[in-house]
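Below: the structure, in structure tokens.
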Amino acid sequence: MADVLLTRDGRPAAALWPASGFVHLNHGSYGRVPLAAVDHQQRLRQEMEHGTARFMARAPERVRRSREEIAPFLGVDAQLLALVPNASAGVSTALRSMPLPAGSEVVVTDHAYGAVRMGVDRAAREAGAAVKVATVPLDADAETAADAIWSVVTERTAMIVLDQITSPTARLLPVGEVCARARARGIVTVVDGAHAPLLLTDPVRAAGADVWVGNLHKFASTPRGTAALVAHEGVADRLRPLIDSWGAPHPYPHRFDQQGSDDYTAWLTAPMALHHLEDELGWDRIRAHATSMAERAVARVSEALADTYDDDPAVQVGMPVGPIRLAGLPAAVAVRPDELRARFIAAGFEATFTEHDGRLFWRVSPHAYTTEADLDELIERGLALLSRASTAVGG
């Protein structure tokens with residue numbers, strides 16, 4: 001059972017999560033919440049329903065304590081960390097709080113997450129600013145990628161919005177290098193670290209951004225609706241929640257702790273989920289196991305596809321990252337990513353497919369519970385689903 005990660009008392013890691021009947025290889029889209037955290041959140045919801053006024057009155061102080069427990073997992077000062085629903089909301093918070101000057105430019109890359117790109121486009125449109133798109137080759141190393149991003153920066157650039165780990169292409173971007181250059185020029189930087197918390201060991205410090213935001217409900221496995229926004233001291237006081245509520249008069253980050261009649265149970269459960277997986281498995285062990293499984297999954301899928309199709313589906317990613325990896329799909333697979341995803345879900349797989357620069361990819365993101373048996377099933381049944389989606393199959 002060398003391929004099975006065990007808890008400290010010898011149980012398979014999968015025992016910590018609810019049984020679902022699915023083969024999960026998409027922890028990067030919707031992280032699975034451990035059983036203990038599901039139960040903890042349910043108890044909080046019962047507490048809220050049995051005494052709502054009392055629960056809401058105590059919520060801001062409890063949210064503050066949650067921030068203080070979450071902060072060490074990200075290596076940051078709790079006074080610079082606010083909680084928001086997700087990374088897209090965090091980027092929108094930055095865009096609304098630090099509006100672009102009329103006639104300015106905001107830089108993004110061609111790997112940007114779709115929802116964030118929509119937010120950038122809207123902010124630029126409303127401000128009378130322009131969006132400049134840097135083309136970063138998928139196989140670009142850190143220096144080449146940084147130069148590609150910087151090549152579209154001009155004297156009119158007011159903000160740079162970058163993915164730390166790109167969603168469609170599962171690669172790192174050299175955000176630390178770009179943010180350092182930008183700070184020297186007085187350009188505001190916003191880093192969408194949606195996938196980064198606990199998948200990377202020190203994502204906030206590595207980025208060095210004015211605003212960094214990352215989802216705790218992906219690799220970190222907290223309840224959905226939990227993301228951390230971390231602000232540089234120089235911009236923290238400019239940030240305001242998207243919705244003004246009773247916390248509005250307070251300084252950052254306390255103004256984010258009170259969002260009116262909201263369900264705070266995900267935020268209050270997040271520290272428990274982080275501690276639980278640290279105690280049962282250890283985050284270093286989780287990262288190592290998930291990385292090994294991701295590498296093996298891509299190698300096995302790529303080998304099987306090369307044996308089946310005429311064209312070589314191998315893909316070169318310039319800055320690959322730990323437990324979230326990319327496998328190229330052959331040109332014969334001629335359906336939309338969302339259709340492929342639906343077919344796999346119907347067959348009992350949690351899987352995701354992406355598209356970039358006219359090419360389809362299978363993005364694989366295992367976790368602590370992933371085993372070689374899951375990969376066997378992926379090869380045996382998953383490739384048959386791809387074959388049925390193909391226009392032609394080689395000999």
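No value in this document is a laboratory result; all are computed from the given coordinates. If you're wondering where the values come from, they're calculated on a predicted model, not measured in any experiment. All Cβ positions, glycine included, derive from the backbone under ideal geometry; neighbour counts span all protein chains shown.
Out of all DSSP beta bridges with both ends in the chain, state the antiparallel percent to the nearest 5.
On the way: 23 of 43 bridges.
Taking every DSSP beta bridge with both residues in the chain, the antiparallel ones total about 55 percent.
Over the stretch 37-277, what is the relative contact order in whole percent, taking alpha-carbon pairs under 8 Å and six or more residues apart?
Working: 472 pairs, mean separation 61.9, N = 241.
Relative contact order of the stretch 37-277: 26 percent.
On the first, second and third principal axes, largest extent first, how far apart are the outermost C-alpha atoms of the stretch 37-277 in Å?
Ordered largest first, the stretch 37-277 gives principal extents of 57, 36, 27 Å.
Which of 358, 28, 282 moves most in a GNM of the chain, Cα contacts under 10 Å?
358
If Lys and Arg each add +1 and Asp and Glu each add -1, what is the summed charge of the other residues whose beta carbon sits under 11 Å from the beta carbon of residue 133?
-1
Peptides 13-26, 182-195: what's the order by average Cβ count within 10 Å, highest mean first?
Numbers: 13-26: 16.9, 182-195: 22.4.
Averaged packing, sorted descending, gives the order 182-195, 13-26.
If all Cα-Cα distances of the stretch 168-210 are sorted into 5 Å bins from 0 onward, what percent lands in each bin, rounded to whole numbers?
5, 23, 33, 21, 12, 6, 0
Testing the spin-label approximation: label points 7 Å from Cα along Cα→Cβ at residue 238 and residue 102. State their distance in nm.
Those two pseudo-labels are separated by 1.9 nm.
Using packing as a proxy for protection, rank 307-313, 88-94 so that the peptide with the highest average count of other Cβ atoms within 10 Å comes first. Walk me through the numbers on the way to the answer.
Numbers: 307-313: 15.1, 88-94: 23.6.
Order by mean packing, descending: 88-94, 307-313.
Limiting things to C-alpha atoms, what are the Rg and the maximum Cα-Cα separation (Dmax) for the stretch 263-314, in angstroms?
18.3, 52
Calculate how many DSSP beta bridges within the stretch 149-285 are antiparallel, expressed in % of all such bridges and rounded to the nearest 5.
On the way: 6 of 15 bridges.
So the antiparallel bridges in the stretch 149-285 amount to around 40 percent.
Which residues in the stretch 9-33 place their backbone N less than 15 Å from a point set 7 Å from the Cα of residue 373 along the Cα-to-Cβ direction?
Backbone N within reach: 11-17, 19-24.
Roughly what would the spin-label model give for residue 42 and residue 142, points 7 Å off Cα along C-beta, in nm?
According to this spin-label approximation, the distance is 4.5 nm.
For residue 19 and residue 152, compute 0.36 nm times the residue count separating them, minus their Cα-Cα distance, and round to one decimal in nm. Walk me through the intermediate numbers first.
Working: separation 133, 0.36 × 133 = 47.88 nm, distance 4.80 nm.
Roughly 43.1 nm would be gained on extension.
With an 8 Å Cα cut-off and a minimum separation of 6 or more residues, compute the relative contact order for the stretch 1-137 in percent. Don't skip to the answer; put the middle values down first.
On the way: 93 pairs, mean separation 19.8, N = 137.
Once divided by the residue count of the stretch 1-137, the mean separation gives 14 percent.
Could you work out the local net charge near residue 102, counting Lys and Arg as +1, Asp and Glu as -1, over the other residues with Cβ closer than 14 Å to its Cβ?
Numbers: positive: 125, 156; negative: 105, 126.
Overall, the nearby charge balance is 0.
What shape does the stretch 172-284 take by its C-alpha gyration tensor, where a ≥ b ≥ c are the square roots of the eigenvalues and a/c under 1.5 counts as rounded, a/b above b/c as prolate, and the rest as oblate? Write out the running numbers ahead of the final one.
Numbers: a/c = 2.59, a/b = 1.08, b/c = 2.39.
Oblate shape, in that a/c is at least 1.5 and b/c is the bigger or equal ratio.
Using a Gaussian network model on the chain with a 10 Å cutoff between Cα atoms, which of 245, 261, 29 fluctuates the most?
261
Counting Lys and Arg as +1 and Asp and Glu as -1, what is the net charge of the other residues whose Cβ lies under 14 Å from the Cβ of residue 65?
Numbers: positive: 58, 62, 64, 67; negative: 61, 68, 69, 257.
Summing Lys/Arg as +1 and Asp/Glu as -1 gives 0.
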